[in-house]
Amino acid sequence: MGKGIGQIRAVLCGYYGMGNGGDEALLAAMLQALPASVTAVVLSGDPATTAHRYPQVEVVARKDLGAVIRALQGAEVFIWGGGSLIQDATSWVSPIYYTGLMLLAQRLGLRTIALAQGIGPLHRPLSRWLARLAFQGCMAVTVRDRGSASYLSRWGIPFTLAPDPVWALESVPVEGLWKLPAPRIAVSLRSHPQLTNERLQSLIQALVLFQQASQAYILLVPFQKSQDLAIAQQIQPHLSGNSQILMLEDPEQLKGIFRGVEMAIAMRLHGLIMAAAESCRCFALSYDPKVSQLMTEIELPGWEIDQMPNDPNQICQTWLEVYANGSPLSRDRLQFLIDRALVHQEVLRQVVAQVESPSLGKKINRNP
């Protein structure tokens, strides 16, 4: 894709092309937010798949350092967007990779923006130092939760706090979903050290009891094949014939699953956001502070994984109570979250406007 007259080129950097449905949803939301005057250059772990899904963008292999540098040299804007990029809980390499690219982009003179960030945990002094340095050089920073905001507040870096962009992601219906027997319940679990085999067996037994009591059709929805599919395959043989594994790679279709289910039981942050955004009743199983923060912010019922009951009957009864008497988000509350999620889009447009008209000023106004 060539650069048109007056066309701004923006490099998008995130956990894209790595098979994670939540991060692919973030990419889709970012591309929806980009003004028409911007040519997107996406750094992807699977360039062929990303290019096929989004033929309107340019794609660069994220591990091809030479190609990444050339993409930066040919661009005006660099976007970190979004998700839990700056954390060292799962890998000490991750914050070095992302902050390294941000600092390189700033060194090359690109206007840089950190969108919808989920910052932390940052256990290592080096991670915290690099993160602070990188965020300080950004024209604008937006975060999706109060935990992330607290890092920036301590560092004295201005920011905007708004809900995750996936709240505002457009969804599309999944063909054939409404032909499945009702009620339909979506279940999304992922591998994690806290989800021990003993706890997983308790959840499986609880799902069996829940299905018997509710006569529900169970949709097992993996968000990341490498971490979720094996668990779904382990669960399904214990359920009756009224179940299936439904794995979709298109993020708008993935969100569309939740249009057609009555309740979602999920560990994944974006599984819960998608479900709540499509007016599902939700039950959260938290393995991470970001999920716990969402539970608090929108008052989701659920448990921390390491504090869930051991008794499958107790788990089942709790789910049945939510299924029978729980409520989705009110229409006004949901619309507020969607409207606020679009703040990330507005901040991005301000940055683009600054690039197009440098006289607008050096920094974008940001409200903590």
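Odds and ends about this structure:
- Residue check, ALA105 outside the structural domain of HIS270 (by TED's automatic domain parsing), within 21 Å of the chain's Cα centre (by Cα) and surrounded by 14 or more Cβ atoms within 10 Å (Cβ to Cβ): no
- Tallying residues that are among the β-branched types (Val, Ile, Thr) and more than 13 Å from ARG184 (Cα to Cα) within the stretch 245-298 yields 4.
- Pairs where the first residue, in the stretch 253-266, is surrounded by fewer than 20 Cβ atoms within 10 Å (Cβ to Cβ) and the second is of a type in the set (Gly, Ala, Ser), C-beta under 8 Å, 6+ apart: GLN253/SER171; ARG259/SER171; GLU262/ALA182; GLU262/ALA216
- Among residues of the stretch 122-180, those that are farther than 26 Å from GLU297 by Cα, assigned to a helix (DSSP H, G or I) and aliphatic (A, V, I, L, M), counted: 5
- Neighbours by Cβ (under 9 Å, 6+ apart or cross-chain): first from the stretch 145-162, free of Cβ contacts under 8 Å to residues at least 24 places away in the same chain; second assigned to a loop (DSSP other than H, G, I, E, B) and surrounded by 21 or more Cβ atoms within 10 Å (Cβ to Cβ): SER150/ILE119; SER150/GLY120
- The numbered conditions (1) surrounded by 15 or more Cβ atoms within 10 Å (Cβ to Cβ); (2) out of contact with any helix residue (DSSP H, G or I) (no Cβ under 9 Å at 6 or more places or on another chain); (3) under 21 Å from LEU169 (Cβ atoms) are all true for HIS52 except (1).
- Close pairs (6 angstrom Cβ cut-off, 6 or more residues apart or separate chains): acidic (Asp, Glu) in the stretch 119-136, modelled with pLDDT under 95 anywhere: none
- Against the conditions (1) within 26 Å of SER188 (Cα to Cα); (2) modelled with pLDDT of 95 or more, SER94 satisfies every one except (2).
- Filtered by the rule that a residue be among the charged types (D, E, K, R), assigned to a helix (DSSP H, G or I) and surrounded by 17 or more Cβ atoms within 10 Å (Cβ to Cβ), the stretch 281-336 gives a lone residue, LYS290.
- When restricted to residues that are polar (S, T, N, Q), over 19 Å from ARG268 (Cβ atoms) and either in contact (Cβ under 8 Å) with a residue 40 or more places away in the chain or surrounded by fewer than 19 Cβ atoms within 10 Å (Cβ to Cβ) (or both), the stretch 203-246 contains 6.
- Subset of the stretch 63-80 that is in contact with a Cys (Cβ under 8 Å, 6 or more places away or on another chain) and at pLDDT 95 or above - its residue that is surrounded by the fewest Cβ atoms within 10 Å (Cβ to Cβ): PHE78
- Per-region count, the stretch 116-139, residues of a type outside the set (Gly, Ala, Ser) and under 21 Å from the mean Cα position of the chain (by Cα): 5
- Screening GLY83 on (1) touching a Lys or Arg at 6+ places or on another chain (Cβ under 9 Å); (2) surrounded by fewer than 23 Cβ atoms within 10 Å (Cβ to Cβ) shows it passes everything except condition (2).
The values are calculated or read from the model by the stated rules, or taken from the named source; none is laboratory data. Here the structure is a predicted model, which means the values were calculated and not measured. So basically every Cβ, Gly included, is an ideal-geometry build from the backbone, and we count neighbours across all protein chains shown.
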